[in-house]
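Data block below; observations after.
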Amino acid sequence: MRTAERQSKISAFLAERGHASLGELVARFGVSISTVRRDLDEMQRRGNVRRTHGGAFHVEAREHPLNYRLREERNMSEKDRIGELAASIIPDGEAVLIDGGTTTYKVAKRLRDRPVQVVTSSLPIATLLGKSLETEVIFLGGSIMPRTGVALGLHAEQLLASIRVSRAVMGVAGITEEGVFNANLLMVELERQMIAAAEEVIVVVDHSKFGRRSLVHLSDFSDIDKVVTDSRISQRWVDLLQSHGVEVHIAQIEERPAPPPSSPPPQADTSEEA
């Protein structure tokens, strides 16, 4: 296999997995560990991957992990249905923490104009709900991260430390057997405080995030009470979550119809006319 072809296949493998170790890549592509290291070094110089100790991340999967316009377009129907289902299990009259992210934004849209208190670190969510006469919004404040509208910093942490809520709605970048992951170290620190401030933690995540490890381990399953996902999740992941005591709520997604078979090209008429 030529170098360019192998590196293209490595890139596709990392895009699917999110992260892979050197040993996994050696076994997958049948080359030496030195060859894998050279490939990853070259791919990192081109910006395709990010090397870690003993492995690599796929940069495309993490390049804009918090960019709303790019992420909002991915798995749109799944996120819409997940947001609808997650909002339906939150009773009126409760105080809810909502994390920043495109899937949590869909939950917030379904809570708009309902009599709930929403505490959020997300400026887009605060702006959305701030237009409602029914929904009370508390914005954590602090320094606003570019491209994300998420507030971080001492002010947000101090306010968050002083409150308690019934539920926290969290988005994540990946779920593996180790628990849940996110892509930004600073955000993870604030999200851990959100988990500590809530009586119940609800993770909203579409099927594509299962089996993906991101940069920072946020929590193991002991901190998660419910996962709301879509019907394209595999039964293996449902069983794994339930084995850890996590309640799984599945939003039904219509299967995309297969494209109709293309018509065969017309055959030349070889018969003789009478």
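The values are calculated or read from the model by the stated rules, or taken from the named source; none is laboratory data. Note that the coordinates shown come from a computational prediction; the quantities given were computed from them, not determined experimentally. Please note: Cβ atoms are built from the backbone with ideal geometry, for glycine as well, and neighbour counts cover all protein chains shown.
State yes or no: is VAL118 without any contact (Cβ under 8 Å) to a residue 24 or more places away in the chain, touching a Gly at 6+ places or on another chain (Cβ under 6 Å) and either crowded, with 16+ Cβ neighbours inside 10 Å or small (Gly, Ala, Ser) (or both)? Answer is no for this residue. Residues that are farther than 16 Å from GLY100 by Cβ, surrounded by 14 or more Cβ atoms within 10 Å (Cβ to Cβ) and in contact with a Ser or Thr (Cβ under 7 Å, 6 or more places away or on another chain) occur in segment 168-185; there is at least one. The residues listed here are VAL118, VAL172, VAL165, VAL137; of these, the one that is within 20 Å of the chain's Cα centre (by Cα) and of a type outside the set (Lys, Arg) is VAL172. Just one residue in the set ARG51, ARG28 is surrounded by fewer than 18 Cβ atoms within 10 Å (Cβ to Cβ), not in a helix (DSSP H, G or I) and not assigned by TED's automatic domain parsing to the domain that holds ARG213; that residue is ARG51.
Against the list (1) touching a helix residue (DSSP H, G or I) at 6+ places or on another chain (Cβ under 7 Å); (2) among the aliphatic types (A, V, I, L, M); (3) more than 17 Å from LEU97 (Cα to Cα); (4) surrounded by fewer than 18 Cβ atoms within 10 Å (Cβ to Cβ), the condition LEU154 fails is (1). Here GLU200, GLU247, GLU254 are screened, and the one residue that is farther than 30 Å from ARG51 by Cα, exposed (fewer than 15 other Cβ atoms within 10 Å of the Cβ) and modelled with pLDDT of 95 or more is GLU247. The residue that is surrounded by the fewest Cβ atoms within 10 Å (Cβ to Cβ), among those in segment 92-107 that are farther than 20 Å from ALA183 by Cβ and touching a residue at least 24 places away in the same chain (Cβ under 8 Å), is ASP92. With the structure loaded, tell me whether ILE98 is β-branched (Val, Ile, Thr) and over 23 Å from ILE82 (Cα atoms) or whether it fails that test. Judged against the criteria, ILE98 is not a match.
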